[in-house]
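Please read the structure below before turning to the comments.
The values are calculated or read from the model by the stated rules, or taken from the named source; none is laboratory data. Predicted model, so just to flag it, every value in this text is computed and none were measured. Positions of Cβ are generated from backbone atoms using ideal geometry, with glycine treated the same way; all protein chains shown enter the neighbour counts. For the accessible areas, the whole protein counts, side chains as well, though only heavy atoms, and no ligand, DNA or RNA atoms are used. Shrake-Rupley method; radii C 1.70, N 1.55, O 1.52, S 1.80 Å.
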Amino acid sequence: MLFEAAVEMYWADKSKRLRGNTLEGYASAIRRHLMPAWEGREIDEIAHDEVQAWVDGLPSYGAAAKAYKTFRQIYRWTIRKAQLRIWDVTQGIELPPAPVVRRDTLTAAEERETLRGIVGQAWEAVVLLEAALGLRRCEACGVDWSDIDWRTGWVHIQRGAHWVGGKVVEYATKTKLSDRWLRLPRFALARLRQIRGSRRSGRVRGDLAPHQIAGAFRRFCRRMRLPWVPLTCLRHSWATISLEAGAAIEDVSVALGHSTVDTCIQHYLQSFRTVVRRAGACYEAALAA
C-alpha cells in the first residue's frame with residue numbers, strides 16, 4: 001500500500017472522530033513534512049533507519065516531534081487496519097533532545113498594571129478571565145456570561161473556542177479534568193459585573209475570534225507601553241504568581257485542569273526556588289522546635 005493511500009484512508013476515518021483544530025495540526029504536518037518524504041513509497045518498504053534519518057533531518061525539536069508522532073499514528077493505524085504482517089519501524093526512533101523552554105511571565109505588580117491599563121477595551125473581559133483564573137486562551141474565549149455565578153464568583157469552565165477553517169468553532173474542554181469550576185478573585189468579579197452590564201448570556205468574547213483578541217492585546221500593550229506577555233502566557237503568569245505566593249503545586253495543577261501534577265512541574269513551574277525554599281523552611285522549623 002502506498003503511503004499516500006494510507007494517509008487518505010486514515011484521514012477519512014479520523015475526520016469522523018477528531019476535532020477540527022486537531023485535524024488542522026495533523027494536516028499541516030502531513031503537508032509540510034510527511035508527504036515530501038514518503039509520497040510514492042510502499043508502507044512495507046519503509047525502513048527503520050530511513051525514518052530515523054528523516055527525523056534527524058527535521059529543522060527543530062517541535063517539527064520533529066509533531067511530524068514523527070503524526071507519521072507514527074498513520075503508520076500504526078495502517079498496520080492494524082490493513083492487518084499488515086510487518087515489523088513496526090517506528091519502534092525505537094529517537095527524537096532530538098527537547099529544548100528547555102522558559103515562558104515569559106508577568107510579576108504580580110506587572111499584571112496589576114496591565115489589567116488596570118486595559119480597562120474599557122472590547123476584549124478586556126477575556127484577558128481578565130485568563131489572567132485571574134489561569135485559563136487556556138480557548139477556555140477564556142469560550143466563557144459565557146451565564147457560566148458565572150455572580151453571587152459567589154464561581155465560574156464553570158466547560159468549553160473552548162478555536163479558530164478553525166476561517167471561523168470560530170467551539171468544543172468541550174481539552175480533557176475531563178479541564179471541565180472544572182474556578183473561583184474569581186473579588187477584584188475580577190467586581191470588574192466583570194461592570195463589563196457585563198445588563199447582559200445575562202452570550203459569549204464574553206463578543207464577536208471577536210481568539211487570534212483577534214490576542215493581536216489586539218499585543219498591539220494595545222505595546223502602544224501604551226504596558227507590561228505584556230502573549231495571551232497564552234497569562235496562564236503561566238497565573239501559575240508562577242500563585243506558586244511564589246505559597247500555593248501548593250498540587251492545587252495549582254488542579255486549577256489549571258491538568259491530568260497529572262507532572263504536567264504542571266514540566267511546563268508551568270518556572271523556578272524550583274520557591275518550592276525548595278518552602279521545603280527548606282519546613283525542615284528548618286522542624287529542627288528548631
From the backbone phi of the range 71-83, what are the Karplus-calculated ³J(HN,Hα) couplings (6.51 cos²θ - 1.76 cosθ + 1.60, θ = phi - 60°) in whole Hz, Gly and Pro given as x?
-> 4, 4, 4, 5, 4, 5, 4, 5, 4, 5, 5, 8, 6
Could you work out which residue, out of ILE148, ILE157, ILE46, moves most in a Gaussian network model of the chain, that is, has the largest mean-square fluctuation with Cα springs under 10 Å?
-> ILE46
In units of 2.2 N^0.38 Å, the Cα radius of gyration of the chain is 1.20
Give me the accessible area per residue for the chain, probe 1.4 Å, as a whole number in Å².
-> 55 Å²
First check a/c for the range 154-208, with a ≥ b ≥ c the square roots of the eigenvalues of its C-alpha gyration tensor; if it is under 1.5, answer rounded, and if not, answer prolate when a/b is larger than b/c or oblate otherwise.
-> oblate
Using only the alpha carbons, work out the radius of gyration and Dmax of the range 1-86 in angstrom.
-> 12.5, 33
With springs only between Cα atoms under 10 Å apart, run a GNM on the chain and tell me which of GLN52, GLN194, GLN83 wobbles the most.
-> GLN83
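When the helix-only estimate is applied to the chain (DSSP H runs of n ≥ 4, each -39,500 (n - 2.57), divided by the residue count), what is the mean residue ellipticity at 222 nm, nearest 500 deg cm²/dmol?
Result for the chain: -16000 deg cm²/dmol, rounded to the nearest 500.
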Per the 1.4 Å probe, what fraction of the accessible area of the range 174-289, in percent, lies on carbon and sulfur atoms?
-> 55 percent
Binned Cα-Cα distances of the range 1-147, short to long, each 5 Å bin given as a whole percent | 1, 8, 14, 15, 13, 10, 8, 9, 8, 7, 4, 2, 0
Could you give me the ³J(HN,Hα) list for the range 199-212, computed from phi with Karplus coefficients 6.51, -1.76, 1.60 and θ = phi - 60°, whole Hz, x at Gly and Pro?
-> 5, 10, 8, x, 5, 4, 6, x, 9, 7, 8, x, 5, 5
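Among the GluC sites (Glu not before Pro) within the range 4-53, which fall in a DSSP loop and have no more than 13 other Cβ atoms within 10 Å of their own Cβ?
Numbers: sites: GLU4, GLU8, GLU24, GLU39, GLU42, GLU45, GLU50; in loops: GLU39.
Answer in residue order: GLU39.
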Environment charge of ILE213, counting only residues whose C-beta is closer than 14 Å and scoring Lys/Arg +1, Asp/Glu -1 = +2
Tell me, which longest segment in the chain has none of the chymotrypsin sites (Phe, Trp or Tyr not before Pro) that fall in DSSP loops with at most 13 further Cβ atoms within 10 Å?
-> 88-271
For the range 147-242, state what percent of all Cα-Cα pairs lands in each successive 5 Å bin, counting from 0 Å until the bin that includes the largest distance.
-> 2, 10, 15, 21, 26, 18, 7, 1
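Please work out whether the range 93-148 counts as rounded, prolate or oblate from its C-alpha gyration tensor, where a ≥ b ≥ c are the square roots of the eigenvalues and a/c under 1.5 means rounded, while otherwise a/b larger than b/c means prolate and anything else oblate? Spell out each step's value before the answer.
Details: a/c = 3.51, a/b = 1.66, b/c = 2.11.
Oblate shape, in that a/c is at least 1.5 and b/c is the bigger or equal ratio.
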Amide H within-cut-off set for ARG183, under 5 Å, with H built and near neighbours excluded | VAL155
What trypsin sites (Lys or Arg not before Pro) in the range 93-187 are in a loop by DSSP, with at most 13 other Cβ atoms within 10 Å of the Cβ?
-> ARG102, ARG151
Looking at the square roots a ≥ b ≥ c of the eigenvalues of the Cα gyration tensor of the range 58-101, which shape do they give, rounded for a/c under 1.5, prolate if a/b is larger than b/c, or oblate?
-> prolate
Label point distance in nm, LEU18-ASP262, each placed 7 Å from Cα along Cα→Cβ = 2.3 nm
